Amino acid sequence: MRRIKIPRILKINWIKDLSISVIFNNGESRIIDFRKVLLDIGVKPESPAGILYNHNELGKVQLVDNTLSWDNVEQYISTKSGGKLKVPFEIGADILLKYSKPEKSISMIGIGKMIRESRIHNGMSQQELALISGTSRTYISRIENDRSDIELDTLRKIIETGLGKKLEIRIK
């Protein structure tokens, strides 16, 4: 039986203007441009959810059940008894993942540059480094050009086995 991975948001990193950076359960930090999301899902500025075009209102977001939620949007559902119940405005994490783009971290950009500089200093080609470290030349190229994330075990193999250096990690 094949398991379907459902995207979930684990953390809100930051909010700026109409963009929100979040961490998804796949470990990626991604940026969501809500101007585009709201337009594409048909939220009109005059609708109750239209207040989210205002960055102050968008900033009132909360992380609830692994998705983004806004209590400040006037939204109601009908109950079986004929009454109305106020519910938060939410957009599913699957939709948010679709509209997000990867956020490049400064530390990852530095890692690619350090690998390239060390490889060149050692007089190695990308192909040679890939063979020694057990990866592919295209993967080394993607890392050096900040087009791919790298797992810690793979980073260790490239640094220690491929480049003959020692990997040290610090948390400041």
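The values are calculated or read from the model by the stated rules, or taken from the named source; none is laboratory data. For clarity, every value in this text was computed on a predicted model and none was experimentally measured. Glycine gets a Cβ as well: all are built from the backbone with ideal geometry, and neighbour counts include every protein chain shown.
Taking only the range 12-27 into account, find how many residues are under 12 Å from the mean Cα position of the chain (by Cα), within 15 Å of LYS98 (Cα to Cα) and either surrounded by 14 or more Cβ atoms within 10 Å (Cβ to Cβ) or among the basic types (Lys, Arg) (or both).
6
Say whether the condition of being of a type in the set (S, T, N, Q) and buried (at least 18 other Cβ atoms within 10 Å of the Cβ) is met by at least one residue in the range 95-105. Reasoning before the result, please.
Of the range 95-105, the ones of a type in the set (S, T, N, Q) are 100, 105.
Narrowing further to those that are buried (at least 18 other Cβ atoms within 10 Å of the Cβ): 100.
Yes, the range 95-105 contains at least one residue that is of a type in the set (S, T, N, Q) and buried (at least 18 other Cβ atoms within 10 Å of the Cβ).
Among the numbered conditions (1) at pLDDT 95 or above; (2) over 22 Å from the mean Cα position of the chain (by Cα); (3) surrounded by 13 or more Cβ atoms within 10 Å (Cβ to Cβ), the only one that PHE89 does not meet is (2).
When the criteria are applied in full, ILE9 meets the requirement of being in contact (Cβ under 8 Å) with a residue 60 or more places away in the chain and either touching a Ser or Thr at 6+ places or on another chain (Cβ under 7 Å) or surrounded by fewer than 14 Cβ atoms within 10 Å (Cβ to Cβ) (or both).
Would you mind stating whether ASP33 is over 23 Å from SER148 (Cα atoms), surrounded by 13 or more Cβ atoms within 10 Å (Cβ to Cβ) and either in contact with a Lys or Arg (Cβ under 9 Å, 6 or more places away or on another chain) or in the same structural domain as ASP149 (by TED's automatic domain parsing) (or both)?
no
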